[in-house]
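Here is the structure we will look at.
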Amino acid sequence: MDLTGFYATVSGVGFTLLGLWWIVVDKHPEWFERRDTAQMAYVISLQFIIPATASLLSLVAADVPLLWRTVFTVLGLVGIVGAVLVARVVRGTPGVSAVALLSALPVYVAMVVVAVLPPIDIGVTPLQVEAMLVALMLVLGLHAVWFFSHYATGPVAPRQRSSS
């Protein structure tokens, strides 16, 4: 199966979502007054940057496994660090959205494992498995945006700024 069209589409969608997210972030400078919301805004950016970049770079040389495996490993490790940051921020915050946000960690771990381990014949190629993980990352990124928009401004926000 040729994954060129899939990865080209995901790359475009990922970078478009990233641009839209940055427009939203630009409208909320108050998010950067608190460390927790600033970290979450950044990690949400990663949830669009990582799949978009991995998709784009996988198009460069899909037939050179060392290249795409290195890209997915490095970006997966960056995602793991981001997921750990968010886990520290949302610890103790109730809700399904927090679970969706934290579920990014196993997806990033899977991304690294698939890239590092030798291929196992399960009917799909490692690059196809990575494609499924990349798509899942974008979905999780959208869930993170939803959660964050309520966390940063809603009743679960730890501290609201007074307008006096």
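The values are calculated or read from the model by the stated rules, or taken from the named source; none is laboratory data. Fair warning: this is a prediction, and the values are worked out from it, not measured in the lab. Positions of Cβ are generated from backbone atoms using ideal geometry, with glycine treated the same way; all protein chains shown enter the neighbour counts.
Okay, here's what the table says:
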item: In segment 31-75, the residues that are within 18 Å of residue 146 (Cα to Cα) and among the polar types (S, T, N, Q); result: 37, 39, 45, 47
item: Answer from 106, 94, 118 - the residue that is modelled with pLDDT under 90 and either within 14 Å of the chain's Cα centre (by Cα) or under 30 Å from residue 2 (Cβ atoms) (or both); result: 118
item: Segment 58-83 - residue that is within 21 Å of residue 140 (Cα to Cα) and not β-branched (Val, Ile, Thr) and, of those, modelled with the lowest pLDDT; result: 83
item: Filtered residues of segment 7-38 (kept if among the polar types (S, T, N, Q) and surrounded by fewer than 16 Cβ atoms within 10 Å (Cβ to Cβ)); result: 9, 16
item: Index of the failed condition, residue 52 passing every other in (1) out of contact with any Gly (no Cβ under 6 Å at 6 or more places or on another chain); (2) closer than 17 Å to residue 129 by Cα; (3) of a type in the set (A, V, I, L, M, F, W, C); (4) at pLDDT 90 or above; result: (1)
item: From 41, 62, residue being in contact (Cβ under 8 Å) with a residue 60 or more places away in the chain, surrounded by fewer than 17 Cβ atoms within 10 Å (Cβ to Cβ) and at negative phi; result: 62
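Yes/no matrix, rows are residues, columns are (1) part of a helix (DSSP H, G or I); (2) closer than 21 Å to residue 41 by Cβ; (3) of a type in the set (Gly, Ala, Ser):
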site	(1), (2), (3)
105	yes, yes, no
108	yes, yes, no
124	no, no, no
132	yes, no, no
139	yes, yes, no
142	yes, yes, no
